[in-house]
Every structure is written in C-alpha cells, then in structure tokens.
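All remarks here apply to the structure that follows.
Every read-out reported here was derived from the displayed coordinates using simple, explicitly stated rules and does not represent laboratory data. Values in this document were obtained by computation on a predicted structure and should not be read as measured data. With ideal geometry, Cβ positions are generated from the backbone for all residues, glycine too; neighbour counts draw on all protein chains shown.
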C-alpha cells in the first residue's frame, strides 16, 4: 500500500489526485491540506480517513474540528500545519498541488525529510529552483513532475539517460485567444479568458494560459527539472493538445508523448513511477485525428512569455518578481480591477522597479514576493 500526503486536496489537481486514489484502490492518503473550502475537505476526510489535516486559518480549523468530532483526525492550521503535513513520517510521496509560493517551505521540508515530490506547484521551481534541485540531489529525492507538459518530457526521457538532449519542445495550446492581436484583446472580459478550449483547470492557471504566462513559467520550470539551458527549450503552439511535449536528441530523432487532455494521467504516472497502470476514460483514437498542427507563439501579442524568458535570463530574484507580479495582476483582473492587457504591463513594471538580488535564499525570495505585492498595491 503506497502512502501519500497531499497539499491542496480541494483544488483541481488535488481532487483529480483523489480520483486516481479512488480508482486504483491501493494508495492510502495519510495527510491532506487545503485552503478555505472546509465543506469539500470534510467530505474528503470522511472518505479517505487521513490521520492529519491542515487548513490555513485557525477559525476554519476550529470549525473543521467541530464538524469532524465524531471521527479520529488531527486538525492543524497555518504554515506550521502545512509543514506538519509535508513531513508526516508515514508518507512516501508528497503531492504539492497548492498554488503559489506558499509551497516553497513545505516542499523543502519534505525533501529534507526524504519524501519524493509529485510536483504540481510550478512556482516552487520558478522561484527557488536553485535551492530545490541541489537539495533533492543531495537527499536522493525524486522530483516527479505532474504538469502535463513536464510529465510528457519526463516520460520521453525514460531509458535514455545517457543520450544527449538537443532540444526540449514544450507544447502550448495557445489558450482561448490564439490568433488574436492586441487590439482584439483590449476589451477581453474575465469570462472570455476563463474559456480554455481544451483543459479544465483552476481560475488562476486558466488566466495564465490565456496570457501565455503559464508557458513562461513552464519554460523556467523545465530548465531546472531537466538541467538544460534556456536556448534548448522551444515553445511550440499545438492547438489540439494531443502532443503534450517532445524531446529532440542529438541525432535529430524526436520522441513525443501523446494522449488525451486528462490530468489524471500525469498524476498517476508520478504516483506509480516507473510503473504504468490502467486508467479509465477516453483513449486516443488515431482514426479520428484529422490533423495535428504546430506554430510559433506570438510573443509580440502575448508578451508574458517574452517577459518570463527575460526574467530567467536575468536570474536571481527576478523570476520571483515575475511570478509574484503575475499572481497579483491575475487577482486584480479576476476582480475586474484591471484589463487583460494590463497583466503583462504590471509584470514588466515590477521587474524594472524591484531591487535585484543575485542569490536569494528562501527568506529573500519571500521578501521579494512581499515587496512586489506592495509595489503593485501602491500603483493599482
């Protein structure tokens, strides 16, 4: 029986992780953490019987304890609660499915405790990859990507450890606004940006997909995960979302991973790696695939991708500024305080105005986040 802990059990990745647990029947969830959705969390606790549960607010912890007084479970809260879930001795794998830089400290704690990481929190590597990857190597811990594109790359690399990667081809759907120009995006509404053509995701990541910021974050993450240079990562827009990513080797051969747009596949692969299990649901029917198309991303219209690459080239705390500014800008957009096109403008201004730090530790990363938030709040 494999034992896991989940950070972010009530979110999109968390609930789909529990779908895999439910279907396979041989995984035990020993701990879980969520934000404020204690109604769903209570249902999850009653179904999966973890021994430890964490929420963010003390009042929610008190309410959850009261609701669950008929069963035996320890309810904790705050960052200390997240850390407790992350290092629970029984868990072999920590699924990091919470959004934002909140995941950095719990991920580091889990690695220090010798847990393998099923990584769905891209901000952890975007902002702290220079700390996370060397630590994982020292501790002999596996970082197993859950993002569909990074899982695809990881799968393409299996059995090919001695072969030289020439290029990573990171696919992007293009989001709901593929092909549109800036003037067409000036009046985009929240509802328009949330209509992703292929994937069912949380609100924040869906907006990131629409701006192509998400692809920029994935470029940063891929650099750390696979130990390649930025110049070896090429973003390719693939509207059908059938080819999830590809690896080109030194001899020109390209290995691709294909599948339906179902996040349960990369989640399940990370949990059972290196084994594969049957997974219910639709499978690819090649007789029904009329065409697969590929094109270059429009970085003049969708400047978020260009800014991400610039941030990674500058290094230091600039990726943290990029990420924090995007988080704040997306929240402002979702609350209808700014326009769609102001999201990358806010990111760019933040990158220009926040002080550069060459080798930030965790404290400096979190200070940079706070400074970026304060800068944006003072202007918008």
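Observations
- Convex hull per residue volume in Å³, alpha carbons only, for the range 3-118: 86 Å³
- In plain terms, the bigger the Kirkwood radius, the slower the diffusion; for the chain, with that radius from Cα pairs, at 4 °C and 1.567 mPa s, Stokes-Einstein puts D at 61 µm²/s.
- Summarising the label geometry, the points placed 7 Å from Cα in the beta-carbon direction at residue 306 and residue 278 lie 5.1 nm from one another.
- Under Stokes-Einstein, with the Kirkwood radius over Cα pairs as Rh, the value for the range 188-332 at 37 °C and 0.692 mPa s is 190 µm²/s.
- Within the range 89-196, the proportion of Cα pairs with more than 18 Å between them is 62 percent.
- When the square roots of the Cα gyration tensor eigenvalues are ordered a ≥ b ≥ c, the ratio a/c for the range 292-380 is 1.5 or more and a/b does not exceed b/c, which makes its shape oblate.
- Over 21 Å [Cα-Cα, the range 151-232], rounded percent: 41 percent
- Its relative contact order, with pairs defined as Cα atoms under 8 Å and 6+ residues apart, puts the chain at 15 percent.
- Centroid-to-centroid separation of the range 291-325 and the range 177-218 [C-alpha atoms, Å]: 14 Å
- Ellipticity estimate at 222 nm from DSSP helix runs (n ≥ 4, -39,500 (n - 2.57)) divided over the chain, nearest 500: -14500 deg cm²/dmol
- Using a simple spin-label model with pseudo-atoms 7 Å out from Cα toward Cβ, residue 361 and residue 1 lie 4.1 nm apart.
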